[in-house]
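Each value in this text was obtained by applying a stated rule to the coordinates, not by laboratory testing. Everything numeric in this text was worked out from a predicted model, so none of it was measured.
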Amino acid sequence: MYAWIWRHLPGSVPVKVVQAVVLVAVVVAVLLFVVFPWVEPVLPFTDPTLE
């Protein structure tokens, strides 16, 4: 999968590196600000009771 992404990024190697870093930053931002807050209410980690 990573090789497929690398092959489809346009430009030379330095441009591809910058694009890959930006792509990773966008994925991390989407996870932090959209996916994790959406999933958090369903996760059992907020229940502090011990059984």
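Angle of helix 13-30 to the longest C-alpha principal axis of the chain, folded into 0 to 90 degrees and rounded to 10: 20°.
Out of every Cα pair in the chain, what percent are spaced more than 18 Å from each other? Tail of P(r) above 18 Å: 54 percent of Cα pairs.
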